[in-house]
1. Suppose we keep only residues that are charged (D, E, K, R) and in contact with a strand residue (DSSP E or B) (Cβ under 9 Å, 6 or more places away or on another chain) within segment 81-107. Which one would you say is nearest to Glu168 (Cα to Cα)?
2. Can you spot a residue in segment 218-233 that is closer than 20 Å to Ser49 by Cβ and either over 16 Å from the mean Cα position of the chain (by Cα) or assigned by TED's automatic domain parsing to the domain that holds Gly82 (or both)?
3. Condition (residue is buried (at least 19 other Cβ atoms within 10 Å of the Cβ), at pLDDT 85 or above and part of a strand (DSSP E or B)) applied to segment 257-278: is it met by at least one residue?
4. Inside segment 118-128, can you point out the residues that are part of a helix (DSSP H, G or I), surrounded by 15 or more Cβ atoms within 10 Å (Cβ to Cβ) and hydrophobic (A, V, I, L, M, F, W, C)?
5. Among the residues of segment 291-304, which ones are at pLDDT 85 or above and either on the phi > 0 side of the Ramachandran plot or over 39 Å from the mean Cα position of the chain (by Cα) (or both)?
6. Among (1) aliphatic (A, V, I, L, M); (2) assigned by TED's automatic domain parsing to the domain that holds Ala108; (3) farther than 25 Å from Gln93 by Cβ, there is one condition Met145 misses while meeting the rest; what is its number?
Amino acid sequence: MKRWMVFGAAVLLVGCGDKRPPAAVPDGPKFVKVLKVGAGGRALEETYSGEVRARTESTLAFRVGGKLVERPADVGARVKAGQALARLDPVDQRLAVAQAEANRALAAAELKRTQELRAKNFISQAALEARETAAAAAEAQAQLMQNQAAYTTLTADAAGVVAAVFAEPGQVLGAGQAVFRLARDGAREVAIAVPESRVGALKVGADGTAELWDGRRFAGRVREIAPAADAATRTFAVRVALTDAPADLPLGLSANVRFVREGGMAPTVPLAAILQQGRGEHGATVWVVGADGAVSRRAIEIERYADDGAVVKSGLEVGETIVAAGAFKLADGEKVRAVAP
């Protein structure tokens with residue numbers, strides 16, 4: 001019994017030992033790492049996605065109507081100038097040529113008889129002139145039918161690649177109905193779509209850089225900006241000419257075109273300095289350290305995020321000091337002690 005009493009007394013002595021007061025928190029401003037906003041950083045850029053196109057794309061069609069009986073060219077086929085791409089049924093055109101030739105022969109015979117009658121003064125000069133006019137019209141009609149008979153074969157007007165096919169054998173086509181879209185060999189461009197909020201910053205002749213998904217880069221220059229927005233997407237079609245791309249660059253490749261925006265360099269701030277108050281790039285804030293050491297919250301706009309921080313589009317001026325670390329522990333108006341990182 002005595003042994004249990006001794007053990008209990010020992011436990012009480014341990015539980016009631018000296019209790020040291022907690023360490024006092026030092027008074028005064030907090031120590032924070034600061035960073036001075038400099039003029040260096042990254043260039044302000046605009047990036048748009050697009051695809052490689054030919055500088056000139058022609059829509060090929062028959063100049064006469066008829067039934068399509070042959071189309072040896074397919075999408076992706078490389079063709080030469082003058083190469084036959086499709087043919088119409090020539091029977092109707094041949095009959096039209098035969099009819100025009102018969103009318104020309106008849107008109108020529110009638111003109112000859114009329115000239116003989118006029119030589120004998122049996123008819124007037126007006127009658128002779130009428131026959132001469134009819135013979136000339138028949139001659140022109142015969143030549144026209146011969147030309148149209150040749151139009152039953154559709155040929156490539158330049159070397160290039162068949163980018164699209166719009167008709168199949170057996171289809172009855174009208175004159176001028178599209179059959180092919182031919183991308184001519186030569187200069188290459190990137191077609192991009194620019195939103196209406198950004199199109200004002202682009203000018204014809206502006207320089208840019210086009211990067212393909214395989215890593216190749218080419219110098220670009222804005223050649224054309226559509227004067228009106230697309231009715232469905234509300235974007236403006238822009239063509240960026242690739243000044244140093246090879247003429248045989250495959251069409252349809254995906255490319256990102258970057259333009260350096262006027263306005264100098266954008267500062268880069270560490271991610272630890274940013275407080276997010278909302279969704280998106282417009283809810284970011286930083287603590288700006290004033291001359292008296294007090295901090296104030298400042299809303300900034302993020303251009304883009306990078307591996308080494310965030311590129312600031314607006315909201316900070318060169319020379320200002322911001323809190324680089326420990327921003328989540330501060331309150332508006334609180335004074336801090338600056339420590340360089």
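1. Across segment 81-107, the extreme among qualifying residues is Arg87.
2. No, segment 218-233 contains no residue that is closer than 20 Å to Ser49 by Cβ and either over 16 Å from the mean Cα position of the chain (by Cα) or assigned by TED's automatic domain parsing to the domain that holds Gly82 (or both).
3. The answer is yes; a qualifying residue exists.
4. Leu128
5. Passing the criteria: Ala294, Val295, Ser296.
6. In the conditions (1) aliphatic (A, V, I, L, M); (2) assigned by TED's automatic domain parsing to the domain that holds Ala108; (3) farther than 25 Å from Gln93 by Cβ, Met145 misses (3) alone.
So that you can scan it fast, the table gives a plain yes or no per residue for (1) in contact (Cβ under 8 Å) with a residue 60 or more places away in the chain; (2) in contact with an Asp or Glu (Cβ under 7 Å, 6 or more places away or on another chain); (3) in a loop (DSSP other than H, G, I, E, B):
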| position | (1), (2), (3) |
| --- | --- |
| Asp157 | yes, no, yes |
| Pro169 | yes, yes, yes |
| Glu211 | no, no, no |
| Val222 | no, no, no |
| Ala232 | no, no, yes |
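The values are calculated or read from the model by the stated rules, or taken from the named source; none is laboratory data. Since this is a predicted model, take the numbers as computed values, not measurements. Glycine gets a Cβ as well: all are built from the backbone with ideal geometry, and neighbour counts include every protein chain shown.
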